[in-house]
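No value in this document is a laboratory result; all are computed from the given coordinates. Remember, predicted model here, so these are calculated numbers, not experimental data.
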Amino acid sequence: MRIATWNVNSVKQRVPRLLPWLDQRKPDVVCLQETKLTDDAFEELLDGPLGERGYEFAAFGEQAWNGVAILSRTGLADVVKGIDGAPGFPDPNDEQEARAISATCGGIRVVSVYVPNGRVPGSDHYEYKLEWLHALRKMVQADPDSTVVCGDMNIAPTDEDVFNPEAYEGHTHVTEPERAALRALEGVGLHDVVRDRWPDEERVFSYWDYRAGMFHQDLGMRIDLILAGDSVSERVRAAWIDRQARKGTGPSDHAPVIVDLDEAPDGDIGPVVPPASAPAPRGAKAKLPQSDLTP
């Protein structure tokens with residue numbers, strides 16, 4: 001089974017990239033984030049093209065923001081939208097944002113997540129992020145062994161997962177409370193299968209800002225993760241980031257993460273495909289572009 005996760009940053013804009021990618025990589029299960037479409041609009045856009053390729057799908061979306069989905073060619077059962085006990089925003093008692101969907105695919109409980117950004121450390125949105133992660137951990141804790149949590153975690157697990165830790169000082173994604181929340185999630189029995197496969201000295205990123213040539217210099221972050229329970233992680237034969245999908249015309253700012261269970265039809269091809277065109281040295285002092293706040 002091939003499982004992939006991809007923050008497409010608007011599935012409507014990414015259809016010309018998504019469908020050929022499905023044909024090329026042939027994933028059995030795909031978790032999507034930032035679909036930015038209501039459920040009806042997602043179905044209208046993709047029901048035909050996905051059906052032709054043998055995929056069932058379940059989506060949980062909203063207009064213009066957020067949105068998650070699961071595509072599967074190995075069955076799609078017991079679909080749950082949202083996370084029991086997760087807060088809303090800005091009022092915790094509000095209806096949940098479209099940030100999580102789960103289903104059973106081929107005997108594996110698959111969870112597609114788009115973790116809140118956090119915006120500014122110490123802000124209301126930052127506290128919301130930590131509370132949301134706590135709710136996710138409680139959900140996964142009920143049965144972690146056959147669970148896979150896939151998605152944009154909006155957290156770089158360690159300093160090795162950013163091109164230069166100094167560039168991110170004062171920003172979200174790298175603070176100790178966020179990383180502690182991620183460690184607590186993994187602590188219920190999940191394995192970061194890409195990092196397990198590629199040691200810390202390997203430069204493995206999944207997100208690069210669109211601006212300032214960040215991608216071509218490989219000045220990025222690893223914030224898109226696949227976290228697998230014991231019975232799933234034992235089956236991993238390859239785990240890698242499809243950097244090829246970040247190249248060319250009209251890409252997302254994220255690259256897909258791909259994990260092969262039981263067999264690796266493309267071989268154990270490495271963390272990036274292909275290498276950066278003009279890689280900056282490790283610890284490059286490049287400054288971050290002034291990024292817009294995202295949900």
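Numbers for the structure displayed
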read-out: Cα-based radius of gyration of the range 28-97 once divided by 2.2 N^0.38 Å, which approximates compact folds; value: 1.19
read-out: Most fluctuating residue given options 156, 103, 212, as computed from a GNM of the chain linking Cα atoms under 10 Å; value: 212
read-out: Alpha-carbon radius of gyration plus Dmax, which is the widest Cα pair, for the range 1-151 in Å; value: 15.1, 47
read-out: Candidates 196, 242, 218: whichever shows maximal mean-square fluctuation once the chain is modelled as a Gaussian network with Cα springs under 10 Å; value: 196
read-out: From phi via Karplus (6.51, -1.76, 1.60), per-residue ³J(HN,Hα) for the range 74-89 in Hz, x at Gly/Pro; value: 10, x, 8, 10, 6, 5, 10, 9, x, 10, 4, x, 6, x, x, 8
read-out: Residue pairs, from the table 36/285; 12/247; 36/247; 36/129; 12/287; 12/285, whose Cα atoms sit over 25 Å apart; value: 36/285; 12/287; 12/285
read-out: Helix-derived mean residue ellipticity, 222 nm - over the chain, DSSP H n ≥ 4, -39500 (n - 2.57), to 500; value: -7000 deg cm²/dmol
read-out: The chain, Cα convex hull volume normalised per residue, Å³; value: 116 Å³
read-out: The chain: most fluctuating residue of 99, 53, 195 per GNM, C-alpha cutoff 10 Å; value: 53
read-out: Length-normalised contact order for the chain - Cα pairs under 8 Å, 6+ apart - percent; value: 18 percent
